[in-house]
Amino acid sequence: MKVINGIIFEKGKVLLVKKKDKWILPGGKLENELYFHCLEREFSEELSETKIDVGEFYDTFSGITPFSKKYFEADVYFCTLLSDLGKPSQEILDRKYFGKEDIKEIELSKVTRDIFNRLVKEGYVK
């Protein structure tokens, strides 16, 4: 399964959304569309009409989804907000920006933790 995720930074922190009991990067399954259309659609659906600009490709990460337990590959892109951050949809319980100290107390999916730790190591997250 191919998934597309977006990274949005604010003051050295990364935007995560809470789905069920896990915090993950915004994004979702690629559905017969271009990657940037997928990310634009997912941000709009998950965060009430939030508009983004999809930027540079970051990397591909793989793992098992925390919910369906299926193998997936996630292409991750840097994104920029073009609108205010919308309220979470029904499938998203919350949304928040996290820095490296903030994630010690929350449940991240394994792949999100891998991405987050690499962003910290590379100096993107404070």
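All of the numbers you see were taken from the coordinates with simple rules; none came from a lab. Since the structure is predicted, the reported quantities are computational estimates derived from the model, not experimental observations. Note that each Cβ is placed from the backbone with ideal geometry, even for glycine, and that neighbours are counted across all protein chains shown.
When the gyration tensor of the chain is built from Cα positions, what are the square roots of 5 times its three eigenvalues, in whole Å, from largest to smallest?
Semi-axes from the Cα gyration tensor: 19, 17, 15 Å.
Between Ser83 and Lys104, what FRET efficiency comes out of the Förster formula 1/(1 + (r/R0)^6) with R0 = 41 Å and r the beta carbon distance, rounded to 0.05?
E between Lys104 and Ser83, to the nearest 0.05, is 0.85.
Once phi is turned into ³J(HN,Hα) by the Karplus curve 6.51 cos²θ - 1.76 cosθ + 1.60 with θ = phi - 60°, what whole-Hz value does each residue of region 39-46 show in order, with x for glycine and proline?
For region 39-46, the Karplus-derived couplings read 5, 4, 5, 4, 4, 5, 6, 6 Hz, x marking Gly and Pro.
List the longest stretch of the chain that has no exposed loop site; here a site is one of the GluC sites (Glu not before Pro) assigned by DSSP to anything other than H, G, I, E or B, with at most 15 other Cβ within 10 Å.
In the chain, the maximal stretch lacking such sites is 50-90.
For a quick check: sort Ser109, Ser48, Ser83 by the number of other beta carbons within 10 angstrom, fewest at the front.
By the 10 Å Cβ count, ascending: Ser83, Ser48, Ser109.
Counting only DSSP beta bridges with both residues in region 1-119, what percent are antiparallel, rounded to the nearest 5?
75
To the nearest 20 debye, what charge dipole does the chain have about its Cα centre, counting +1 at the Cβ of each Lys and Arg and -1 at the Cβ of each Asp and Glu?
520
Taking 7 Å along the Cα-to-C-beta vector as the label spot, tell me the Asp94-Lys51 distance in nanometres, rounded to one decimal.
Placing both labels 7 Å beyond Cα along the Cβ direction yields 2.9 nm.
Once you order the gyration tensor axes a ≥ b ≥ c over the Cα atoms, which shape class does region 6-78 get: rounded for a/c under 1.5, otherwise prolate or oblate by comparing a/b with b/c?
Because its axes are fairly even, with a/c under 1.5, region 6-78 counts as rounded.
5 Å is the cut-off here: which amide hydrogens, built 1.01 Å from N in the peptide plane, fall below it relative to Gly28, excluding neighbours closer than 5 in sequence?
Ile4
Answer with one residue from Val76, Ile64, Phe9: the one whose Cα lies farthest towards the positive end of the charge dipole of the chain, charges on Cβ with Lys, Arg +1 and Asp, Glu -1.
Ile64
I'd like the distance separating the alpha-carbon centroids of region 82-124 and region 23-76, in whole Å.
13
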